[in-house]
There are 2 protein chains.
Amino acid sequence: MADAPGDIEALIALMARLPGLGPRSARRAVLHLLRKRSGVMEPLALALAKVSASARDCRICGNISDHDTCPICASAKRETGVLCVVEDVSDLWAMERAGGFTGRYHVLGGTLSALESIGPEALRIPHLVARVGQEGVREVILALNATVEGQTTAHYIAEALAPTGVQLSALAQGVPMGGELDYLDDGTISAALAARRRL
Amino acid sequence: MADAPGDIEALIALMARLPGLGPRSARRAVLHLLRKRSGVMEPLALALAKVSASARDCRICGNISDHDTCPICASAKRETGVLCVVEDVSDLWAMERAGGFTGRYHVLGGTLSALESIGPEALRIPHLVARVGQEGVREVILALNATVEGQTTAHYIAEALAPTGVQLSALAQGVPMGGELDYLDDGTISAALAARRRL
(Lines give C-alpha, C1' and ligand atoms only; values in the text may rest on other atoms or scores of the structure.)
Protein backbone atom coordinates (compact mmCIF):
# COMPACT_ATOMS: atom_id res chain seq x y z
CA MET A 1 0.00 0.00 0.00
CA ALA A 2 1.47 3.33 -1.03
CA ASP A 3 1.93 5.96 1.65
CA ALA A 4 3.32 9.10 0.03
CA PRO A 5 3.19 9.62 -3.74
CA GLY A 6 6.25 8.54 -5.76
CA ASP A 7 7.76 11.99 -6.30
CA ILE A 8 7.52 12.80 -2.61
CA GLU A 9 9.05 9.45 -1.63
CA ALA A 10 11.89 10.13 -4.10
CA LEU A 11 12.47 13.53 -2.48
CA ILE A 12 12.50 11.95 1.00
CA ALA A 13 15.04 9.36 -0.18
CA LEU A 14 17.32 12.11 -1.53
CA MET A 15 16.98 14.22 1.61
CA ALA A 16 17.84 11.17 3.72
CA ARG A 17 21.26 11.09 2.04
CA LEU A 18 22.22 14.43 3.59
CA PRO A 19 24.51 14.23 6.61
CA GLY A 20 22.57 14.77 9.82
CA LEU A 21 19.28 13.55 8.34
CA GLY A 22 18.13 9.94 8.52
CA PRO A 23 15.04 8.43 6.90
CA ARG A 24 12.74 9.60 9.70
CA SER A 25 14.05 13.14 9.95
CA ALA A 26 14.11 13.43 6.14
CA ARG A 27 10.41 12.51 6.11
CA ARG A 28 9.76 15.09 8.80
CA ALA A 29 11.70 17.75 6.88
CA VAL A 30 9.82 16.99 3.64
CA LEU A 31 6.49 17.15 5.48
CA HIS A 32 7.51 20.52 6.86
CA LEU A 33 8.31 21.63 3.30
CA LEU A 34 4.98 20.31 2.02
CA ARG A 35 3.11 22.22 4.72
CA LYS A 36 4.98 25.45 3.98
CA ARG A 37 5.05 25.19 0.22
CA SER A 38 5.06 28.86 -0.70
CA GLY A 39 7.04 30.08 2.33
CA VAL A 40 9.82 27.52 2.53
CA MET A 41 9.69 24.87 -0.21
CA GLU A 42 9.61 27.17 -3.24
CA PRO A 43 12.43 29.44 -2.02
CA LEU A 44 14.51 26.37 -1.13
CA ALA A 45 13.88 24.76 -4.54
CA LEU A 46 14.90 28.00 -6.26
CA ALA A 47 18.01 28.50 -4.09
CA LEU A 48 19.10 24.91 -4.60
CA ALA A 49 18.59 25.06 -8.37
CA LYS A 50 20.52 28.34 -8.50
CA VAL A 51 23.49 27.05 -6.50
CA SER A 52 23.38 23.70 -8.30
CA ALA A 53 23.59 25.47 -11.67
CA SER A 54 26.26 27.99 -10.72
CA ALA A 55 28.56 26.34 -8.16
CA ARG A 56 31.97 25.34 -9.41
CA ASP A 57 35.44 24.61 -8.06
CA CYS A 58 37.90 27.49 -8.28
CA ARG A 59 40.46 26.45 -10.89
CA ILE A 60 43.25 27.97 -8.78
CA CYS A 61 42.59 27.07 -5.14
CA GLY A 62 39.73 24.54 -5.16
CA ASN A 63 37.31 26.77 -3.19
CA ILE A 64 33.67 26.53 -4.28
CA SER A 65 31.93 29.65 -5.59
CA ASP A 66 29.84 30.72 -8.57
CA HIS A 67 32.88 31.70 -10.62
CA ASP A 68 35.69 29.75 -12.26
CA THR A 69 38.02 31.86 -10.13
CA CYS A 70 36.72 32.31 -6.58
CA PRO A 71 36.37 35.79 -5.01
CA ILE A 72 39.44 35.21 -2.83
CA CYS A 73 41.72 34.27 -5.73
CA ALA A 74 40.22 37.09 -7.80
CA SER A 75 40.69 39.71 -5.07
CA ALA A 76 43.59 42.12 -5.50
CA LYS A 77 43.48 42.74 -1.73
CA ARG A 78 44.59 39.22 -0.79
CA GLU A 79 48.35 38.71 -0.37
CA THR A 80 49.92 36.48 -2.99
CA GLY A 81 52.97 35.59 -0.91
CA VAL A 82 51.20 33.43 1.70
CA LEU A 83 49.29 30.23 0.94
CA CYS A 84 47.13 28.49 3.53
CA VAL A 85 46.65 24.77 2.81
CA VAL A 86 43.36 23.33 4.10
CA GLU A 87 41.78 19.91 3.78
CA ASP A 88 38.34 21.02 2.76
CA VAL A 89 36.22 23.95 1.63
CA SER A 90 34.53 23.87 5.05
CA ASP A 91 37.95 24.53 6.65
CA LEU A 92 38.51 27.46 4.28
CA TRP A 93 35.13 28.89 5.31
CA ALA A 94 36.01 28.37 8.99
CA MET A 95 39.33 30.23 8.50
CA GLU A 96 37.48 33.08 6.75
CA ARG A 97 34.86 33.24 9.52
CA ALA A 98 37.67 33.49 12.08
CA GLY A 99 39.16 36.33 10.00
CA GLY A 100 42.73 37.51 10.31
CA PHE A 101 44.20 35.62 7.35
CA THR A 102 44.91 37.92 4.41
CA GLY A 103 46.64 35.47 2.05
CA ARG A 104 45.27 32.91 -0.36
CA TYR A 105 44.24 29.28 -0.01
CA HIS A 106 44.88 25.87 -1.46
CA VAL A 107 42.10 23.32 -0.83
CA LEU A 108 43.28 19.70 -0.94
CA GLY A 109 39.81 18.16 -0.89
CA GLY A 110 40.78 15.46 1.59
CA THR A 111 43.78 13.71 3.10
CA LEU A 112 46.16 11.09 1.82
CA SER A 113 44.76 7.62 2.31
CA ALA A 114 46.33 4.37 1.15
CA LEU A 115 43.15 2.50 2.11
CA GLU A 116 40.90 4.66 -0.07
CA SER A 117 43.74 5.04 -2.62
CA ILE A 118 43.76 8.84 -2.37
CA GLY A 119 47.21 9.85 -3.60
CA PRO A 120 48.98 13.23 -3.96
CA GLU A 121 47.48 13.85 -7.43
CA ALA A 122 43.91 13.50 -6.13
CA LEU A 123 44.74 16.16 -3.51
CA ARG A 124 46.29 18.49 -6.08
CA ILE A 125 49.64 18.44 -4.25
CA PRO A 126 51.64 18.69 -7.53
CA HIS A 127 49.46 21.73 -8.35
CA LEU A 128 50.36 23.20 -4.92
CA VAL A 129 54.09 22.72 -5.60
CA ALA A 130 53.65 24.40 -8.99
CA ARG A 131 51.74 27.33 -7.43
CA VAL A 132 54.51 27.92 -4.88
CA GLY A 133 56.96 28.43 -7.76
CA GLN A 134 54.66 30.37 -10.10
CA GLU A 135 53.07 32.74 -7.56
CA GLY A 136 56.26 33.66 -5.73
CA VAL A 137 54.99 32.22 -2.45
CA ARG A 138 57.13 33.02 0.64
CA GLU A 139 55.22 31.03 3.22
CA VAL A 140 52.93 27.98 3.18
CA ILE A 141 50.75 27.58 6.28
CA LEU A 142 49.63 23.99 6.76
CA ALA A 143 46.20 24.40 8.40
CA LEU A 144 45.30 20.71 8.30
CA ASN A 145 43.20 19.04 10.95
CA ALA A 146 45.01 17.81 14.07
CA THR A 147 44.14 14.22 13.18
CA VAL A 148 46.46 11.36 12.20
CA GLU A 149 45.39 11.70 8.54
CA GLY A 150 45.77 15.47 8.55
CA GLN A 151 49.21 15.34 10.11
CA THR A 152 50.40 12.55 7.78
CA THR A 153 49.29 14.64 4.82
CA ALA A 154 50.98 17.74 6.29
CA HIS A 155 54.21 15.75 6.64
CA TYR A 156 54.01 14.60 3.00
CA ILE A 157 53.38 18.16 1.77
CA ALA A 158 56.32 19.45 3.84
CA GLU A 159 58.59 16.93 2.10
CA ALA A 160 57.15 17.72 -1.33
CA LEU A 161 57.75 21.45 -0.78
CA ALA A 162 61.23 21.10 0.77
CA PRO A 163 63.06 21.49 -2.60
CA THR A 164 61.31 24.83 -3.23
CA GLY A 165 62.85 26.31 -0.06
CA VAL A 166 59.53 27.98 0.86
CA GLN A 167 58.97 28.72 4.54
CA LEU A 168 56.56 26.23 6.10
CA SER A 169 54.43 26.76 9.17
CA ALA A 170 51.52 25.03 10.90
CA LEU A 171 48.68 26.21 13.12
CA ALA A 172 49.68 26.33 16.79
CA GLN A 173 48.41 23.50 18.95
CA GLY A 174 47.30 24.22 22.49
CA VAL A 175 44.41 24.87 24.83
CA PRO A 176 41.37 26.20 22.91
CA MET A 177 39.68 29.45 23.98
CA GLY A 178 37.46 28.75 26.96
CA GLY A 179 39.00 25.28 27.24
CA GLU A 180 39.08 23.67 30.68
CA LEU A 181 42.08 21.44 31.35
CA ASP A 182 39.91 18.90 33.09
CA TYR A 183 37.95 18.30 29.87
CA LEU A 184 40.90 18.34 27.44
CA ASP A 185 42.53 15.21 26.10
CA ASP A 186 46.09 14.36 27.17
CA GLY A 187 47.50 15.05 23.70
CA THR A 188 46.28 18.64 23.72
CA ILE A 189 47.64 19.27 27.22
CA SER A 190 51.04 17.75 26.30
CA ALA A 191 51.19 19.84 23.12
CA ALA A 192 50.24 23.01 24.99
CA LEU A 193 52.91 22.29 27.61
CA ALA A 194 55.61 21.63 25.02
CA ALA A 195 54.69 24.85 23.15
CA ARG A 196 54.43 26.96 26.35
CA ARG A 197 55.29 30.61 25.95
CA ARG A 198 57.18 32.89 28.31
CA LEU A 199 55.15 35.68 29.91
CA MET B 1 34.98 39.20 5.59
CA ALA B 2 32.82 36.92 3.49
CA ASP B 3 33.11 33.18 3.99
CA ALA B 4 30.76 31.46 1.55
CA PRO B 5 29.35 33.28 -1.51
CA GLY B 6 25.94 34.92 -1.14
CA ASP B 7 23.87 32.30 -2.97
CA ILE B 8 25.41 29.52 -0.91
CA GLU B 9 24.83 31.43 2.35
CA ALA B 10 21.21 31.97 1.29
CA LEU B 11 20.85 28.24 0.66
CA ILE B 12 22.37 27.44 4.08
CA ALA B 13 19.94 29.88 5.74
CA LEU B 14 16.97 28.16 4.04
CA MET B 15 18.22 24.68 4.91
CA ALA B 16 18.65 25.77 8.54
CA ARG B 17 14.88 26.37 8.70
CA LEU B 18 14.15 22.65 8.23
CA PRO B 19 13.25 20.74 11.39
CA GLY B 20 16.19 18.70 12.60
CA LEU B 21 18.78 20.98 11.01
CA GLY B 22 20.38 23.92 12.79
CA PRO B 23 22.78 26.46 11.32
CA ARG B 24 25.82 24.19 11.73
CA SER B 25 24.25 21.04 10.33
CA ALA B 26 22.67 23.04 7.49
CA ARG B 27 26.16 24.27 6.59
CA ARG B 28 27.46 20.71 6.71
CA ALA B 29 24.58 19.46 4.54
CA VAL B 30 25.15 22.21 1.96
CA LEU B 31 28.89 21.44 1.87
CA HIS B 32 28.04 17.81 1.28
CA LEU B 33 25.78 18.89 -1.59
CA LEU B 34 28.50 21.14 -3.01
CA ARG B 35 30.99 18.28 -2.94
CA LYS B 36 28.56 15.87 -4.63
CA ARG B 37 27.08 18.28 -7.12
CA SER B 38 26.24 15.87 -9.92
CA GLY B 39 25.43 12.87 -7.71
CA VAL B 40 23.30 14.45 -4.99
CA MET B 41 22.73 18.18 -5.45
CA GLU B 42 21.33 18.14 -8.99
CA PRO B 43 18.92 15.23 -8.36
CA LEU B 44 17.78 16.89 -5.12
CA ALA B 45 17.26 20.26 -6.84
CA LEU B 46 15.22 18.55 -9.57
CA ALA B 47 13.17 16.46 -7.13
CA LEU B 48 12.46 19.49 -4.96
CA ALA B 49 11.44 21.65 -7.92
CA LYS B 50 9.19 18.85 -9.20
CA VAL B 51 7.42 18.30 -5.87
CA SER B 52 7.26 22.05 -5.23
CA ALA B 53 5.54 22.59 -8.57
CA SER B 54 3.14 19.64 -8.36
CA ALA B 55 2.25 19.15 -4.67
CA ARG B 56 -1.21 20.24 -3.66
CA ASP B 57 -3.78 19.55 -0.94
CA CYS B 58 -6.48 17.06 -1.83
CA ARG B 59 -9.68 19.09 -2.09
CA ILE B 60 -11.62 16.24 -0.42
CA CYS B 61 -9.49 14.92 2.44
CA GLY B 62 -6.56 17.34 2.82
CA ASN B 63 -3.89 14.72 1.99
CA ILE B 64 -0.95 16.06 -0.06
CA SER B 65 -0.26 14.57 -3.49
CA ASP B 66 0.35 15.75 -7.04
CA HIS B 67 -3.35 15.76 -7.91
CA ASP B 68 -6.31 17.89 -6.85
CA THR B 69 -7.88 14.64 -5.69
CA CYS B 70 -5.38 12.37 -3.90
CA PRO B 71 -4.91 8.71 -4.98
CA ILE B 72 -6.78 7.49 -1.91
CA CYS B 73 -9.87 9.64 -2.55
CA ALA B 74 -9.66 8.80 -6.27
CA SER B 75 -9.37 5.04 -5.68
CA ALA B 76 -12.49 2.98 -6.29
CA LYS B 77 -11.00 0.29 -4.01
CA ARG B 78 -11.22 2.39 -0.84
CA GLU B 79 -14.41 2.03 1.19
CA THR B 80 -16.58 5.13 1.24
CA GLY B 81 -18.45 4.20 4.41
CA VAL B 82 -15.53 4.65 6.85
CA LEU B 83 -13.68 7.92 7.48
CA CYS B 84 -10.48 8.08 9.52
CA VAL B 85 -9.84 11.55 11.00
CA VAL B 86 -6.15 12.37 11.51
CA GLU B 87 -4.39 15.51 12.68
CA ASP B 88 -1.76 15.70 10.01
CA VAL B 89 -0.65 14.31 6.65
CA SER B 90 2.22 12.59 8.48
CA ASP B 91 -0.37 10.67 10.53
CA LEU B 92 -2.17 9.64 7.33
CA TRP B 93 1.12 8.34 5.93
CA ALA B 94 1.81 6.48 9.19
CA MET B 95 -1.65 4.83 9.01
CA GLU B 96 -1.00 3.83 5.39
CA ARG B 97 2.45 2.44 6.25
CA ALA B 98 0.84 0.35 9.00
CA GLY B 99 -1.67 -0.91 6.43
CA GLY B 100 -4.98 -2.49 7.33
CA PHE B 101 -7.21 0.54 6.90
CA THR B 102 -9.29 0.34 3.75
CA GLY B 103 -11.48 3.42 4.15
CA ARG B 104 -10.83 7.08 3.44
CA TYR B 105 -9.31 9.92 5.44
CA HIS B 106 -10.01 13.40 6.65
CA VAL B 107 -6.91 15.44 7.53
CA LEU B 108 -7.55 18.23 10.03
CA GLY B 109 -4.19 19.92 9.65
CA GLY B 110 -3.74 20.49 13.37
CA THR B 111 -5.67 20.57 16.62
CA LEU B 112 -8.02 23.10 18.17
CA SER B 113 -6.09 25.76 20.02
CA ALA B 114 -7.56 28.82 21.71
CA LEU B 115 -4.05 30.20 22.27
CA GLU B 116 -3.11 30.03 18.59
CA SER B 117 -6.73 30.85 17.63
CA ILE B 118 -7.16 27.67 15.59
CA GLY B 119 -10.90 27.12 15.46
CA PRO B 120 -13.11 24.41 13.91
CA GLU B 121 -13.15 26.15 10.49
CA ALA B 122 -9.34 26.14 10.24
CA LEU B 123 -9.43 22.37 10.86
CA ARG B 124 -12.15 21.82 8.26
CA ILE B 125 -14.48 20.32 10.86
CA PRO B 126 -17.62 21.76 9.15
CA HIS B 127 -16.34 20.11 5.95
CA LEU B 128 -16.01 16.81 7.86
CA VAL B 129 -19.61 17.09 9.10
CA ALA B 130 -20.76 17.78 5.52
CA ARG B 131 -18.78 14.79 4.18
CA VAL B 132 -20.42 12.46 6.71
CA GLY B 133 -23.81 13.40 5.28
CA GLN B 134 -22.85 13.54 1.60
CA GLU B 135 -20.74 10.36 1.41
CA GLY B 136 -23.08 8.11 3.38
CA VAL B 137 -20.46 7.51 6.09
CA ARG B 138 -21.33 4.79 8.63
CA GLU B 139 -18.30 5.14 10.92
CA VAL B 140 -15.85 7.90 11.79
CA ILE B 141 -12.61 6.70 13.39
CA LEU B 142 -10.94 9.43 15.43
CA ALA B 143 -7.23 8.63 15.04
CA LEU B 144 -5.96 11.74 16.79
CA ASN B 145 -2.79 11.80 18.83
CA ALA B 146 -3.07 10.71 22.45
CA THR B 147 -2.17 14.21 23.63
CA VAL B 148 -4.31 16.75 25.52
CA GLU B 149 -4.77 18.78 22.30
CA GLY B 150 -5.61 15.70 20.23
CA GLN B 151 -8.14 14.41 22.74
CA THR B 152 -9.74 17.85 23.18
CA THR B 153 -10.17 18.05 19.42
CA ALA B 154 -11.55 14.51 19.29
CA HIS B 155 -14.09 15.45 21.95
CA TYR B 156 -15.17 18.53 19.97
CA ILE B 157 -15.53 16.49 16.76
CA ALA B 158 -17.57 13.85 18.58
CA GLU B 159 -20.00 16.57 19.72
CA ALA B 160 -20.14 18.13 16.26
CA LEU B 161 -20.95 14.76 14.68
CA ALA B 162 -23.48 13.67 17.33
CA PRO B 163 -26.52 15.08 15.42
CA THR B 164 -25.60 13.01 12.32
CA GLY B 165 -25.94 9.77 14.29
CA VAL B 166 -22.77 8.36 12.67
CA GLN B 167 -20.93 5.69 14.65
CA LEU B 168 -17.81 7.09 16.30
CA SER B 169 -14.73 5.16 17.35
CA ALA B 170 -11.20 5.92 18.45
CA LEU B 171 -7.89 4.08 18.26
CA ALA B 172 -7.42 1.69 21.17
CA GLN B 173 -5.06 2.84 23.89
CA GLY B 174 -2.76 0.33 25.55
CA VAL B 175 0.68 -1.18 25.72
CA PRO B 176 2.54 -0.67 22.40
CA MET B 177 4.07 -3.67 20.59
CA GLY B 178 7.33 -4.57 22.27
CA GLY B 179 6.50 -2.17 25.09
CA GLU B 180 7.94 -2.93 28.52
CA LEU B 181 5.75 -1.95 31.45
CA ASP B 182 8.73 -0.65 33.36
CA TYR B 183 9.36 1.98 30.68
CA LEU B 184 5.74 2.99 30.07
CA ASP B 185 4.13 6.04 31.60
CA ASP B 186 1.41 5.61 34.20
CA GLY B 187 -1.30 6.92 31.89
CA THR B 188 -0.65 4.20 29.32
CA ILE B 189 -0.65 1.45 31.94
CA SER B 190 -3.89 2.76 33.48
CA ALA B 191 -5.53 2.95 30.03
CA ALA B 192 -4.37 -0.57 29.15
CA LEU B 193 -5.70 -1.89 32.46
CA ALA B 194 -9.07 -0.17 32.03
CA ALA B 195 -9.39 -1.54 28.47
CA ARG B 196 -8.18 -5.06 29.40
CA ARG B 197 -9.64 -7.82 27.26
CA ARG B 198 -10.82 -11.28 28.28
CA LEU B 199 -8.69 -14.15 27.01
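The values are calculated or read from the model by the stated rules, or taken from the named source; none is laboratory data. It should be emphasised that the depicted structure is a prediction, and the values quoted were computed from it without experimental measurement. Cβ: placed from backbone, ideal geometry, glycine included. Neighbour counts: every protein chain shown. What goes into the accessible areas is simple: the full protein's heavy atoms, side chains included, and nothing from ligands, DNA or RNA. Shrake-Rupley method; radii C 1.70, N 1.55, O 1.52, S 1.80 Å.
To the nearest 0.05, what FRET efficiency results for A:Gln151 and A:Arg24 with a Förster distance of 41 Å applied to their C-beta separation?
With a Förster radius of 41 Å, E is 0.65.
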Size of the A/B contact, given as accessible area buried on both chains, probe 1.4 Å, in Å²: 5100 Å²
Solvent-accessible surface (1.4 angstrom probe) belonging to A:Ile12, in square angstrom, nearest 10: 10 Å²
Reachable lysines from B:Lys50, criterion Cα separation under 21 angstrom, eight or more residues apart if same chain: A:Lys36, A:Lys50, B:Lys36
Using the alpha-carbon centroid of each, what span in Å lies between segment B:82-144 and segment B:1-59? 32 Å
Which one of B:Ile189, A:Ala170, B:Met95 is farthest out on the positive end of the charge dipole of the protein assembly as shown, using unit charges on Cβ (Lys, Arg +1; Asp, Glu -1) and the Cα centre as origin? B:Met95
Of the beta bridges DSSP finds with both residues in segment A:1-151, what % are antiparallel, to the nearest 5? 25 percent
Which distance in nm do the two modelled labels at B:Glu121 and A:Ile189 give, with both placed 7 Å along the Cα-to-Cβ direction? 6.7 nm
Hey, if you put +1 on the Cβ of every Lys and Arg and -1 on every Asp and Glu Cβ in chain A, which of A:Ile125, A:Pro23, A:Leu44 ends up farthest toward the positive end of that dipole? A:Leu44
When DSSP assigns beta bridges and you keep just the ones with both residues in segment B:64-198, what percent turn out antiparallel, to the nearest 5? 10 percent
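What ranking do A:36-47, A:84-95, B:129-140, A:175-186 get when scored by the average of other Cβ atoms within 10 Å per residue, highest first?
Working: A:36-47: 17.4, A:84-95: 21.0, B:129-140: 15.6, A:175-186: 8.8.
Going from most to least packed, we get A:84-95, A:36-47, B:129-140, A:175-186.
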Can you list residues from other chains, or at least 5 along the same chain, whose modelled amide H is less than 5 Å from the amide H of B:Ala170? B:Leu142
Tell me the mean residue ellipticity at 222 nm calculated for chain A from its helices only (DSSP H runs of n ≥ 4, each -39500 (n - 2.57), averaged over every residue, nearest 500). -12500 deg cm²/dmol
Partner chain coverage, peptide A:16-26 - average Cβ within 10 angstrom: 5
Cβ neighbours within 10 Å from other chains - mean over A:103-115: 0
Percent carbon-and-sulfur accessible area, the protein assembly as shown, ignoring ligands, DNA and RNA, probe 1.4 Å: 55 percent
Per-residue HN-Hα couplings for segment B:114-123, Karplus 6.51 cos²θ - 1.76 cosθ + 1.60 at θ = phi - 60°, whole Hz, x for Gly and Pro? 5, 4, 8, 6, 9, x, x, 5, 4, 9
Mean-square fluctuation check for chain B, GNM, Cα pairs under 10 Å: which of B:His127, B:His32, B:His106 is largest? B:His32
Express in Å², to the nearest 10, the accessible area of A:Thr102 obtained by rolling a 1.4 Å probe over the protein heavy atoms while all chains stay in place. 70 Å²
What shape does segment B:6-54 take by its C-alpha gyration tensor, where a ≥ b ≥ c are the square roots of the eigenvalues and a/c under 1.5 counts as rounded, a/b above b/c as prolate, and the rest as oblate? oblate
Relative contact order of chain B, pairs being alpha-carbon contacts under 8 Å that are 6 or more residues apart, as %: 13 percent
Accessible area of A:Glu149, 1.4 Å probe, to the nearest 10 Å²? 100 Å²
Taking the Cα centre of segment B:6-54 as the origin, how large is its charge dipole in debye, to the nearest 20, when only Lys and Arg (+1) and Asp and Glu (-1) carry charge on their Cβ atoms? 200 debye
